[in-house]
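Below you'll find the structure, written out as structure tokens, and then a few comments.
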Amino acid sequence: MKKFLKRLAIILVIFIVVLVGAVAVIASLFEDKVGQQITRELNKQLKSELVIQDFGLTVIRSFPNVAANLKGVVLKDTRGGALLEAQELSFRFGLMSLFSSKIKVRSVVISDGALNIEVDRQGNPNYNIFKESEEAPEEGGSSTAVALELARLRNIELIYADQSTRQEMAALVNDATFSGEFSAEKFSLKSEADITSRFADLDGIRYLPGKKISYDASILVNLEEGSYDIEEAVLNVEDNAFKVDGTIESWESGTYFDLFASGDDGNLEGVLALLPEQYAKSLQDFSSSGKFVFNALVKGQYNERQNPELRVEFGLQDGRLSSPRLDNPLKDVSFNAVFTNGKFRDNSSSVFTLESFKGYFNRELVEMRLEVANFDEPVIDFSLDGVAPLESVYGLLGNPKITGGSGEVEIKQLHLKGAYKDMIDPGRISRVEASGALEFDDAALSIKDEEILFDRGELRLEGNRMAVEGLRIEGAGSDISFMGSAYNILPVFFADSLNSQDVELLFDASLVAKSLDIDRLMKFSTLTEEEEQAPEEVKDSLKVAVVQKRQTVTSFLKGSFNADVEAFNYNLIEGNNFKGKLEFDNNIMGIRGEVTAFNGQLLLDGKTYFQDEPHLEAKLTCKAIDVTEFFRQSENFGQDVLQSQNLKGKLDALIAIYAYWDEEGNFDMDKLRVLAGVAIKNGELRDFGMLESFSSFVKIKDLERINFVDVQNYLEIRKQRLYLPAMFIRSNALNLTVSGEHTFGNEIEYNIKVNAGQVLAERFKRYDPSLKPKPAKRSGTFNLYYAILGTIDDYNIVSSKRRVKSDFEQSEIRKREIQRGLEQAFGAVQLLDEPEEWKDNSEYNPGQEEYLDFDMEGGG
């Protein structure tokens, strides 16, 4: 028996192989004939052009049927464009049709292509490509009969645009089947589809972006009456199932709908997926659990003049609302929501109502109500009351730098009522009813490893005014209190990114700080650690976004803070008792005030312009600043040659600063310009290594501590260079005039004039421990000229009278330019001239170089 079965199996396999092979051979023999018949028959039915690149018959994939495969198909529309493009259009028919005089097509499969349907403004479609019935050939004369029972679409891009109704849709039909006796006047249509929606734009509003849609439907079709009776249908949107039943009828005056949809096992995601993108975007990551009910009704005629009645109801009972932005879900949630297009069945009479919303955050009740009427010109009625624990809701603030929260914010009877157009217009905001308050109770946010505590305080909304009372913020080394009032909160809140309404947040407030750690607070605006690890191009775009966001925020601000800061620090810089005012005028922030710093007083008057490429203009007046502290707290200005321990004295200065940043927020050193008039009183230079080169003609002890009398000069920083015009220095070691340039790369070019006669005379005197400065006398003296060239670490000292005197002359021009710039900023600026006793001896021959007989070599 086993041997018999084995032989039978072998015989059957051989038979099937021979049969399939024979059929394949037969198909190849009939290939040209069938291809010509199908192509000829299709062209008889069409008014437009059909282009086919290739044709083939196969039975292997479609056995026991034969597949006639048209390759590279392009079907033109009525306008000469492509109505259908497909890599393959396959007709299926019975194997015995090959031996018949008439091929009977039973099914068609369209694969890997696009279907483009267009309707112009006059309502003319591009798919009217079939000949009228009197034009079409009679069935008896045709060699191909089409009696479709199955149509299938695979991987087809569907594009639909109707200019007459302002509707546009795009979707990818992954797989769709349609089965029925399509040649009959009445038949039952069964259809299944798996679709990925690209978008659906209706009257300029976008729906279903990137949504997964599928359905399984059974429909009674009556082509004679133009009716479609949905016997049973299940529509799935983002894994939410809706049962649909009802009828659709085609009338002469339009299309009549009588449809009902329901869902008993759905959730919030399904409803959000059906909402317009602009409304659903902020809630798209929310999900629900619990008893969710959905019902929808569409009833009435649709044509150019009217819409059907539309009513949607959904609600949740004993549920939860969750989101990745909520650390804890909102529990015991219940609400009812209703949308209706109202009496006139259009946007003007449409109303959405969210009633009886309540839920619990950590056993704290939250209640809400919302009504939006007239979708053409929305009127909003919104109420919110409850407690929001920051531990749960900090993610809703939408800032990735905020990583945690604690404490509570109590929302007290917040209520808004009015037209949306009034809420966004400062000139109409008085028509809006607004009230309520936010009260902080040890509410804290974790921001970039810092905890910011809103210790106490209240924000109270009174119409268009928001009062800030007793708001105290602690954290990041700071303790700040705010009081004041602001206007136009709602117009600013609802303003678009371009601020097209030119809204201004008007405010008048006071800021009192016991401490202010500026550099720790500034870190809040820098990139996060994860963002810093991103590729450079991504980091650059993030930096640009930070600058643009700062620009957007400051564009709304118009008002002032009276500031009183007890103590502040920025890096090593420390200040006390700042009293002044911060003023905002759109994208400009001005600051004026006085502060104790560097053991002296500073007067500050500056403006920062928050634009695409921000810049700063500031005036700084320094009074009796301790030079040692100035250098120490300024970290020696980034150089290690002249440091805080080398200097002593009191500094008075007038400084004008012009600083620039690029669009990514990077400081632009090339554009930095600083003008300064400085004066140092009772100055002392200690252990300055560069002066050791002068030890051959100045006592080494004199060089260890150099006391000099009052010195005043102008300075300029431009294009990463410090320019020092010629100035006279009178000290205990020697008297000299010096000028020069010092680049930010520590390249130097200093020019020095020395009183040689006085130096020679002092060589024979004893060391003077009193460190009294030398008198500025010329009697019996002559002057020598030296240039120090190179870098801080490798320089040379050369004798060059012409070079030095030329630089002194040029520096006088620069000095006058700096003086004019300072006078424009500060008014009159007084100079200290070189003493008359220190002028060049007119008897000296200027054309001859003069040298001291000492070996002068550079350091390093």
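Nothing in this text is a laboratory measurement; each read-out follows from the coordinates by a stated rule. Just so it is clear, the structure is predicted and the values come from calculations on it, not from any experiment. Methodologically, a virtual Cβ is constructed for each residue, glycine included, from the backbone with ideal geometry; neighbour enumeration extends over all protein chains shown.
So for the range 367-510, what percent of the C-alpha to C-alpha distances run longer than 20 Å? Walk me through the numbers on the way to the answer.
Numbers: 5780 of 10296 pairs.
Everything past 20 Å amounts to 56 percent.
For the range 490-595, count the residues as N, evaluate 2.2 N^0.38 Å, and divide the Cα radius of gyration by that value, please.
1.29
Pop out the ³J(HN,Hα) list for the range 488-495 in order, Karplus 6.51 cos²θ - 1.76 cosθ + 1.60 with θ = phi - 60°, rounded to Hz; leave Gly and Pro as x.
Whole-Hz 3J(HN,Hα) from phi for the range 488-495: 6, 4, 5, x, 5, 4, 8, 5.
Past the 23 Å Cα-Cα mark, which pairs from 549/619; 417/549; 523/543; 558/607; 514/579; 581/623?
549/619; 417/549
If N is the number of residues in the range 533-589, what value comes out of its Cα radius of gyration divided by 2.2 N^0.38 Å?
Ratio of Rg to 2.2 N^0.38 Å for the range 533-589: 1.59.
When all C-alpha to C-alpha distances in the range 483-527 are sorted into bins of 10 Å, what percent of pairs does each bin hold, rounded to whole numbers?
For the range 483-527, the binned pair fractions read 21, 27, 40, 12 percent.
Please report the relative contact order for the range 527-602, taking Cα pairs under 8 Å with a sequence separation of at least 6, and give it as a percent rounded to a whole number. Provide the component values of the computation, followed by the final result.
Numbers: 102 pairs, mean separation 17.2, N = 76.
That works out to 23 percent.
Determine, for each peptide in 526-534, 213-221, the mean count of other beta carbons within 10 angstrom over its residues, then list the peptides with the highest first.
The densest-packed peptide leads the list: 213-221, 526-534.
What residues have an amide H closer than 5 Å to that of residue 648, excluding those fewer than 5 places away on the same chain, when H is modeled at 1.01 Å from N in the peptide plane?
Those lying under 5 Å, H to H, from residue 648 are 684.
What nm distance separates the two modelled labels at residue 260 and residue 306, each placed 7 Å from Cα along Cα→Cβ?
2.2
Taking 8 Å as the Cα distance limit and 6 or more residues as the minimum spacing, I'd like the relative contact order of the range 544-688 as a percentage.
Across the range 544-688, relative contact order equals 18 percent.
Report, please, the projected area of the range 268-381 averaged over directions, based on the convex hull of its C-alpha atoms, in nm².
In nm², the orientation-averaged hull projection of the range 268-381 is 7.7.
Sorted by average packing, counted as other Cβ atoms within 10 angstrom per residue and highest first, what order do 643-654, 340-351 take?
Packing proxy ranking, top to bottom: 643-654, 340-351.
Take every Cα-Cα pair in the range 548-643 and report what % of them are more than 22 Å apart.
40
Convex hull volume of the Cα atoms in the range 250-299, per residue, in Å³? Display every interim value, and only then the final one.
Values: hull volume 4.3 nm³, N = 50.
Taking the convex hull of the Cα positions in the range 250-299, it is 87 Å³ per residue.
Which of the peptides 280-293, 715-728 is most tightly packed, and how do the rest follow, judged by the mean count of other Cβ atoms within 10 Å per residue?
Those peptides, ordered most packed to least, come out 715-728, 280-293.
Given +1 on the Cβ of Lys and Arg, -1 on the Cβ of Asp and Glu, and no further charges, what dipole in debye does the range 142-293 carry about its Cα centre, rounded to the nearest 20?
Working: 12 positive and 28 negative charges, 118 e Å.
Dipole about the Cα centre, nearest 20: 560 debye.
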